[in-house]
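Asker: The structure follows.
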Amino acid sequence: MYLNEFFKDADMILVGIGENFQDKFDEIEVADEKNVTILEDYARKKYLDTCPKSDVTEAYEKLAKMLEGKNYFVVTLCTDDKIYHTNIKSDRIVAPCGSYSYLQCEEVCTEDIYLVEEYKDILDKGEEPICPKCGKKLVMNRIGVKKYSEEGYLKKWNTYMKWLQGSLNRNIRVLELGVGMKYPSVIRWPFERVTLINNKAKFMRVHKQLFQLTEDIRDKGISIEENPIDFLRNQIV
Ligand SMILES: [Zn+2]
């Protein structure tokens, strides 16, 4: 199945990027995956800044080409910011799980977030930056930290919601790429619902294991049992 065909005649394209695309940071050692320190996270951030080329980068580049000139929105579960290094427009991407570009207070004494760049000097010295409001530590603004500040993505989320409200009765194509069951309320369930309530919607789910479609959207959907990264890389554009 070629995506160009699926996207043909679409008024709007909604894309969901799942955890399959997230960088696993294999090259950066951490002592305890459940309690990653800010300095370890900063090492990951520095690694990401080198824009490491991978199969995922190649997959994004294909996707970017196919979305060019179209009315789209991308929701991603990734926090690695790799998608921002592609030609996919950043104002059309929302990343509800956070980002390695921002810091937040570990206790969320305020929802405020801070650019990692601004704390570069401190971090480069191997010191832990401190919350300017309460003096506790700053941590990465990403899901997985003890308390997650959602401030970083809410504005974009509102833009996305407005965009979505305009999709009723329009030819929307819903593409879900490698989205598993880790955070189903972010992409998986709402995407199914968008498909269900719109008579003109068409849905495509690409996943190596969780490719099945629910009964109620089966007649609007295509299910592809494939690694979504390979699926994109194999597209002809
Ligand atoms: Zn604080």
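Read the figures in this text as sums done on the coordinates, not as results from a lab. Note that the structure is a prediction, hence the values are computed from the model and not measured. Glycine also receives a Cβ, built like all others from the backbone with ideal geometry; neighbour counts cover every protein chain displayed.
Asker: Are any of the pairs Lys45/Lys202; Lys65/Lys202; Lys62/Lys202; Lys89/Lys182 more than 29 Å apart by Cα-Cα distance, and if so, which? Can you show the working numbers first?
Answerer: Details: Lys45/Lys202 37 Å; Lys65/Lys202 20 Å; Lys62/Lys202 21 Å; Lys89/Lys182 26 Å.
Violating the 29 Å Cα-Cα cut-off are Lys45/Lys202.
Asker: How large is the charge dipole for the chain, taken about the Cα centre, if only the Cβ atoms of Lys, Arg (+1) and Asp, Glu (-1) carry charge, to the nearest 20 debye?
Answerer: 960 debye
Asker: Quick check for me: using +1 on Lys/Arg Cβ and -1 on Asp/Glu Cβ, what's the dipole size of segment 87-190 about its Cα centre, in debye to the nearest 20? Mind dumping the intermediate values first?
Answerer: Details: 17 positive and 14 negative charges, 135 e Å.
That gives a dipole near 660 debye.
Asker: Residue by residue, what Karplus-based ³J(HN,Hα) values in Hz, rounded to whole numbers, does segment 17-31 have, using 6.51, -1.76 and 1.60 with θ = phi - 60° and x for Gly and Pro?
Answerer: 10, x, 5, 3, 8, 5, 5, 8, 6, 4, 7, 10, 7, 10, 6
Asker: In addition: Show me the three semi-axes of the equivalent ellipsoid for segment 90-196, from the C-alpha gyration tensor (sqrt of 5 times each eigenvalue), largest first, rounded to whole Å. Can you show the working numbers first?
Answerer: Values: eigenvalues 225, 37, 30 Å².
Ellipsoid semi-axes (Å, largest first): 34, 14, 12.
Asker: Using a 4.7 Å Cβ cut-off, which Cys residues in the chain lack a partner cysteine?
Answerer: When partners are defined as cysteine Cβ atoms under 4.7 Å apart, the chain leaves Cys51, Cys78, Cys97 without one.
Asker: Still on this model: Per residue of the chain, what 222 nm ellipticity follows from adding -39500 (n - 2.57) for every DSSP H run with n ≥ 4, rounded to the nearest 500? Present the calculation step by step, with values, prior to reporting the outcome.
Answerer: Numbers: 7 runs with 66 residues, N = 237.
Per the formula, -8000 deg cm²/dmol.
Asker: For Glu176, Glu215, which order do you get if you count the other beta carbons within 10 Å of each Cβ and list the fewest first?
Answerer: Values: Glu176 27, Glu215 6.
So the ranking, lowest neighbour count to highest, is Glu215, Glu176.
Asker: If you take the charge dipole of the chain about its Cα centre, with +1 on Lys and Arg Cβ and -1 on Asp and Glu Cβ, which of Asn71, Phe21, Ser149 is farthest toward its positive end?
Answerer: Highest projection toward the positive end goes to Asn71.
Asker: Given Asn199, Ile222, Ile113, which one lies farthest toward the positive end of the charge dipole of segment 3-233, if we put +1 on the Cβ of every Lys and Arg and -1 on the Cβ of every Asp and Glu?
Answerer: Towards the positive end, the residue furthest out is Asn199.
Asker: Sorted from fewest to most neighbouring beta carbons within 10 Å, what does the list Ser185, Ser90 look like? Please report the intermediate quantities before stating the final value.
Answerer: Working: Ser185 8, Ser90 12.
Listed from fewest to most nearby Cβ atoms, that is Ser185, Ser90.
Asker: In addition: For Met1, Met140, what's the fewest-to-most ordering of other Cβ within 10 Å of each Cβ?
Answerer: On the way: Met1 12, Met140 27.
Ordered from fewest to most neighbouring Cβ atoms within 10 Å, Met1, Met140 come out as Met1, Met140.
Asker: Right, another one. Can you list the aspartates and glutamates whose alpha carbon sits under 17 Å from that of Lys46, skipping same-chain ones fewer than 8 residues off?
Answerer: The qualifying aspartates and glutamates are Asp23, Asp26, Glu27, Glu29, Asp80, Asp81, Glu117, Glu118, Asp121, Asp124, Glu127, Glu128.
Asker: Could you tell me the center-to-center distance, by alpha carbons, between segment 200-214 and segment 42-85 in angstrom?
Answerer: Computed from Cα coordinates, the inter-centre distance equals 22 Å.
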